[in-house]
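A short write-up of the structure that comes next.
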Amino acid sequence: MIHHRTSEQNRIHKILQDANIKLTSVLSDIFGVSGRRILEAILNGEKIETDGLRKMVDWRTKASITDIANAINGRIRRHHRNMLRYHWEHMGYLEESIEELEKQIDQLLSPYRKEVELLDGIPGVNKAAAATFIAEMGVDMSVFKSAKHLASWAGVSPGNYESAGKKKRVKPHKEIKH
């Protein structure tokens, strides 16, 4: 779903570029607080003036109001607005779905809080990775005879592939995408 949300964001970028609205040149993230306010005003067909723009732009935004005003001075047509609205609404739906799934995952992980905290303490492992480990391998490690068996099952076990005195490079197993 995150990939789909990113695709919708890229489509919005493309439509804005087509309408000669260069928000990406003045805002680091057009889907941040200020960018969302400006995009919603554009979607609603509002005429954005300097005073209104000051109210939309968050105080943390580094770009000046003048630069932002120049960046949104494009030629947006009804077609652009319609397409933006379609992608905006779909992106909103995807964000809500992602949030709902994250809540469900959090609920399902509640019996494993101790294990998640232990895994999260490993450098390079965050809570999302810990959730993946628990979902893929479980928490009962007794099913694996040793750490080597676990590494082999996970597809990260190093191997020594040599034939006729030549060492062959072997790539780790590819991740299965769902």
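A few comments on the model shown:
- Accessible surface of the stretch 1-143, 1.4 Å probe, proportion on carbon and sulfur as whole %: 50 percent
- For the stretch 31-74, the Kirkwood hydrodynamic radius from C-alpha pairs, put into Stokes-Einstein at 10 °C and a viscosity of 1.306 mPa s, yields a diffusion coefficient of 153 µm² per second.
- Length-normalised contact order of the chain in % [C-alpha pairs under 8 Å, at least 6 apart]: 20 percent
- The chymotrypsin sites (Phe, Trp or Tyr not before Pro) of the stretch 56-136 that DSSP puts in a loop, and whose beta carbon has at most 12 other beta carbons within 10 Å, are TRP59.
- Among the listed pairs LYS47/LYS103; LYS22/LYS55; LYS62/LYS103, those whose Cα-Cα separation exceeds 30 Å are LYS47/LYS103; LYS62/LYS103.
- Cut-off 14 Å between beta-carbons: net charge of the residues surrounding MET91, Lys and Arg +1, Asp and Glu -1: -2
- Rounded, prolate or oblate (a/c below 1.5 giving rounded, otherwise prolate when a/b exceeds b/c) for the stretch 1-55 by Cα gyration tensor: prolate
- Proximal lysines to LYS167, defined as alpha-carbon separation beneath 23 angstrom and excluding residues fewer than eight positions away on the same chain: LYS148
- Residue-averaged [θ]222 nm for the chain, counting only DSSP H segments that reach four residues, each worth -39500 (n - 2.57): -18000 deg cm²/dmol
- Around ASP120: net Lys/Arg minus Asp/Glu count, Cβ-Cβ under 12 Å: +1
- Where a label projected 7 Å from the Cα of THR50 along Cα→Cβ would reach, residues of the stretch 64-97 with amide N under 13 Å: 65-70
The values are calculated or read from the model by the stated rules, or taken from the named source; none is laboratory data. Fair warning: this is a prediction, and the values are worked out from it, not measured in the lab. Counting neighbours? That spans all protein chains shown, and the Cβs are built from the backbone with ideal geometry, glycine included. For the accessible areas, the whole protein counts, side chains as well, though only heavy atoms, and no ligand, DNA or RNA atoms are used. Shrake-Rupley method; radii C 1.70, N 1.55, O 1.52, S 1.80 Å.
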